[in-house]
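Everything below concerns the one structure shown next.
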Amino acid sequence: MAAINRTRLNFSILQRAGGVLCYALLFAGLVRAEDFSFTNSLARAALAEQRGDIPAAVKIYSEAESLASSNAANLCVLSRRYCDLMYLTNATSAKMDLLNRALHCALQAVKAGPQNATAHACAAVCYAKSSTFADLKTELAYSRLFKLEAEKTIALDPSQDIAYYLLGRWHYGVANVGLLSRAFVKVVYGGLPKASNEDAIANFKKAIELAPDRIIHHAGLAMVYEVAGEKKLELTELEKCRTLKPADREDAEAQREAAKKLATLGR
């Protein structure tokens, strides 16, 4: 309990210090009032998250959206924050609501900054996450959208590793779709698109090249190696997942899944 209290105290100190700095910059004319208010909103929402109060955090983020309505960078931050909140609830309805909010912010970011690579990457991520809650036909429709957004991201900024990760997921998903699902693929794509495990592997490897410490990239590569029958390479990537430090909640989740997989394999 003492350790928790110290953590909260340190967070409060940092928050106050950040507030003082923002005020100083504000009066110096280096920070706009709306930017200060937005930053303050993020800090208040983070405290609500720390308490596990999702409704309060959502309310604050919702209010912050009006402050970020034309700021692509801030809208991207809100989109990511909404996605992060999904890890704090097991209720499907709550996850879907948070995801809808995240997608809305991402699409607003694209509208505010059509040449902003991060905005397109956020949209791609949200479409990819949305596909896990949809029926097969809708899932395929979302897969088409997240592929398009991932490709736009790379065209604007080839260093965005998450875009290559998503393209790896797209190739894996389409290449391994079942025979009964191919009819839906033809409807959504107007025919069977070119997708392969080889291209999935190439994209995951590119993502790893750009961000070698991201666990999700190694987990994705392991997933393709499994269906390709490359057991030794699969184990190598799963072991890599176990040794890396999670960068965020997605990495932490991928690490837990990799550990479960290794346990079933007796490793």
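Read-outs throughout are calculated quantities, based only on the coordinates presented, and are distinct from any laboratory measurement. Here the structure is a predicted model, which means the values were calculated and not measured. Reconstructed Cβ throughout: ideal geometry from the backbone, glycine too, with neighbour counts over all protein chains shown.
Odds and ends about this structure:
- Angle between the chain longest axis and helix 231-243 axis [Cα atoms, degrees, rounded to 10]: 10 degrees
- Pairwise FRET efficiency - residue 69 versus residue 249, Cβ, R0 = 22 Å, nearest 0.05: 0.25
- Net +/- balance of residues flanking residue 166 in space, Cβ distance below 9 Å, scoring K and R +1, D and E -1: +1
- Positive minus negative residues near residue 224 (Lys, Arg vs Asp, Glu; Cβ under 11 Å): -4
- Value of [θ]222 nm, deg cm²/dmol, for the chain, DSSP H segments ≥ 4, -39500 (n - 2.57) each, nearest 500: -26000 deg cm²/dmol
- C-alpha long axis of helix 92-112 to longest principal axis of the chain, angle in °: 80 degrees
- Residue among 147, 129, 245 with the largest mean-square fluctuation in a Gaussian network model of the chain, springs linking Cα atoms under 10 Å: 245
- Read-out Rg/Rh (Cα atoms, Kirkwood Rh), derived from the coordinates shown; its label in [x] 0.92; [y] 1.22; [z] 1.01: [z]
- Assuming charge only on the beta carbon of Lys and Arg (+1) and of Asp and Glu (-1), the dipole of the chain about its Cα centre is about 340 debye to the nearest 20.
- In this structure, residue 265 and residue 192 have a Cβ-Cβ separation that, at R0 = 41 Å, corresponds to a calculated FRET efficiency of about 0.80.
- Above-threshold pairs, the threshold being 32 Å between Cα atoms, out of 95/260; 147/245; 111/231: 111/231
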